[in-house]
Amino acid sequence: MEFNRQKLESALEERRNNTNIFSSIYIFDTVSSTNTTAWELLKQGIKPGFAVIATTQTSGRGQWGRQWDSPKGGLYLSAALNSHLEVKHGYQLTLASAWGIAQELRNYGIFVEIKWPNDLVLDGYKLGGILTETKVKKALITQAVIGVGINWENSTPETGINLKTWQTNQNNLSLNNSSFVSLEELAAKIIQGIESGIHCLEQEGVDILLSRYVRLLANIGEKVYVNNNPGTIVGVNPSGSLHIRMESSNSESVTTPYIDLHPGTISLGYRKTS
Ligand code: BTN
């Protein structure tokens, strides 16, 4: 079950040319982390605009310093690109990639939603996640590595789901007849999804990107508690913070009823449907 370059290349041939960012793909059997390999290739002088894929990772990294289990059968992909974003807007790369990937999968009848800020969710379970790392010079991001892990046919924790099993169940129920046949085909779509997300951010701007991201956000309308006070999630702002409307029982209060919470300051649960 090694990753097949030829299959990937033929799947990538269908790519829309105007949004291509990642022109070369480096494929490995086992690496510690595809994000680390991407940074090493950049250090060796390879120009940004490439992707790295590995069959397995021995030290896959997740958000907030967590480990990302990476057995065979999953997709482990990192994309390296140039950036000119201000550091405070670095999260836009993750939001753009999440939207682009979710939208690309939805075009295939896979109705992925986004769990703020970086999770790809299917039927309420985690299908994948994104870890963006950046190199910064004088408060500007110069290079970024966007790492994506997707559950294809690997086993997952309780809160996870893998796409191959989901597709088989859908096909058995005759709910969906367009499915991915291989990990390589999925990889091609993920690359295309990152490209279209970054293209949207760069060409159409963050406001348009956010309006599209929020449309796929599973958390809109969700009730949360901030310092024991109830509020409702109403959006995401350009720095990636969650925009929350607080319920104020005190009508004399002059404080703003809105609060913005930066990624990492609140953790939202999974909405399991069964
Ligand atoms: C998350 O915590 O949800 C983000 C997970 C990101 C995992 C991917 S797998 C490919 C790339 N390499 C890594 O070490 N991490 C990312």
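The values are calculated or read from the model by the stated rules, or taken from the named source; none is laboratory data. Everything numeric in this text was worked out from a predicted model, so none of it was measured. Glycine also receives a Cβ, built like all others from the backbone with ideal geometry; neighbour counts cover every protein chain displayed. Accessible surface is based on the protein model in full, side chains and every heavy atom, while ligands, DNA and RNA are left aside. Shrake-Rupley method; radii C 1.70, N 1.55, O 1.52, S 1.80 Å.
Values for this structure:
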| read-out | value |
| --- | --- |
| Relative contact order computed over the chain (Cα-Cα under 8 Å; 6+ residues apart), in percent | 19 percent |
| The chain, helix-only ellipticity at 222 nm - DSSP H runs n ≥ 4, -39,500 (n - 2.57), divided by all residues, nearest 500 | -8500 deg cm²/dmol |
| Apportionment of accessible area to carbon and sulfur, the range 63-114, percent (1.4 Å) | 49 percent |
| Normalised alpha carbon radius of gyration of the chain [divisor 2.2 N^0.38 Å] | 1.02 |
| Mean Cβ count within 10 Å, highest first, over the residues of peptides 36-47, 51-62, 83-94 | 51-62, 83-94, 36-47 |
| Carbon + sulfur, % of accessible area of the range 149-206 - ligands and nucleic acids excluded, 1.4 Å | 45 percent |
| Hz values of 3J(HN,Hα) by residue in the range 126-138 - Karplus curve (6.51, -1.76, 1.60), Gly and Pro given as x | 7, 8, x, x, 10, 10, 9, 10, 9, 10, 10, 9, 6 |
| Average Cα contact separation per residue, the range 93-160, under 8 Å, 6 or more apart, as relative contact order % | 24 percent |
| Cα centroid separation - the range 177-200 against the range 91-151, whole Å | 12 Å |
| Sulfur and carbon atoms: percent of accessible area, the range 19-62 [1.4 Å] | 52 percent |
| Inter-label distance for Ile220 and Val181, nm, one decimal - labels placed 7 Å from Cα along Cα-to-Cβ | 3.6 nm |
| Long-range HN-HN contacts of Gly235 with modeled amide H, under 5 Å | His243 |
| Under-5 Å amide H pairs with Arg15, H placed in peptide plane, nonlocal only | none |
| Amide H contacts of Thr132 (H built 1.01 Å from N, under 5 Å, at least 5 apart or other chain) | Gly147 |
| Residue-normalised accessible area of the range 1-99, given per residue in Å² at a 1.4 Å probe | 50 Å² |
